[in-house]
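Visitor: Take a look at the following structure, please.
What follows is calculated from the coordinates using simple rules that are stated; it is not laboratory data. None of the values given here were measured: they were computed from a predicted structure. All Cβ positions, even for glycine, are placed from backbone atoms using ideal geometry, and neighbour counts span all protein chains on display.
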Amino acid sequence: MPRRFFPPQRTVGRPFARSAGPTSRFLVWAVVVICAALLAVAAWFMSAEEHSSPTAVGSGLGEPLRVDSSKIQSPYVPRMSYGNRTALDSNRPLVDTMYGLGADDSLAVDATPAAVIRLQVLNGCGVKGLAKLVAPGLRAKGFDVREVSNAGSFGYPHSLVYDRLGMIENALAVAESLGIEPAQVSTEIARNLVDIDVTLIVGADFRNLRMQAPDGTRR
C-alpha cells in the first residue's frame, strides 16, 4: 500500500523556543519584590507626612494649623540705660515675666566689681584743684586713683560716673560708694585710656558726695 505524503508543518514562533529556566523565574520574582518594597516605602512616607502635619486644636476639621505671624510678639528686651535700671519701655511686663520680677522690683546688677577699681578723676565744675582734693578720699575708700585732671567743660551741675571698659558693675560700685544716683551712671568706652576702669567727673554737687578722709573718718 503506497504511503501518504504529509507536507511539513511550519513551526509557530521561535524554532528553538525553550521553556523558561530557573534564572528567568528568579528575575521575575526579584522585580516583583522590588516593586512591592517601593510601594511600601511610598505608603510609609505618605502616612508619616499625614501624621506630622499639625491640626487646629478644637476645630475638628483636621486642617493644618495656621499662625498669624503679625500677632507673634518677640521676646526682645529693649536697650536700657544703666543710669535708670528700672525705666524700661512698654515691654517691661515681658521682661518681668522672663526674669520673675514683681511690679516694684528693679534689675539688680549681679556682676561683682573688680577688686581694685582704677579711677580717672576729672574736675567738672571749675573749683580750683578739686580733682586733687577728692583723690585722697577716694584712695581711702580703696579706689586706685590713676589720673586727676580737668574735664573738657566746667558746666557739670551733677557728678557723673562713666564705665570705660564695658563693665558697668565697676561704675555702679563707685557711684554707690559716693552716694551718686544710678541715673548718673553710664557706659562710654574709651579705647584711648590706659589702665582706667572708671571715669569720675566731679560736678558742682561735690559737697554732697560721701567722701572719706585719709584718716578713715567720713565727712
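Visitor: Just order 147-153, 201-207 by mean Cβ neighbour count inside 10 Å, highest at the front, would you? Mind dumping the intermediate values first?
Guide: Details: 147-153: 14.4, 201-207: 18.4.
Highest to lowest by the protection proxy: 201-207, 147-153.
Visitor: Suppose a student asked you for the relative contact order of segment 118-208, using Cα pairs under 8 Å spaced at least 6 residues apart; what percent would you report? Let's see the in-between values first.
Guide: Values: 184 pairs, mean separation 36.8, N = 91.
After rounding, I find 40 percent.
Visitor: Please arrange Val127, Val33 by how many other C-beta atoms lie within 10 Å of their C-beta, fewest to most.
Guide: Fewest to most other Cβ atoms nearby, the residues stand as Val33, Val127.
Visitor: State, to one decimal in nm, how far the label point of Ser186 lies from the label point of Leu133, with both points 7 Å from Cα in the Cβ direction.
Guide: 2.7 nm
Visitor: Separate question: At 0.36 nm per residue, and after removing the present C-alpha to C-alpha distance, how many nm does the segment from Leu38 to Asp195 gain when stretched out fully? Show your work: numbers first, answer last.
Guide: Values: separation 157, 0.36 × 157 = 56.52 nm, distance 7.18 nm.
This chain segment gains 49.3 nm when fully extended.
Visitor: Please give me the summed charge of the neighbours of Gly166: other residues whose Cβ is under 13 Å from its Cβ, Lys and Arg +1, Asp and Glu -1. Display every interim value, and only then the final one.
Guide: Values: positive: Arg164, Arg191; negative: Asp163, Glu169, Glu188, Asp197.
So the environment of Gly166 carries a net charge of -2.
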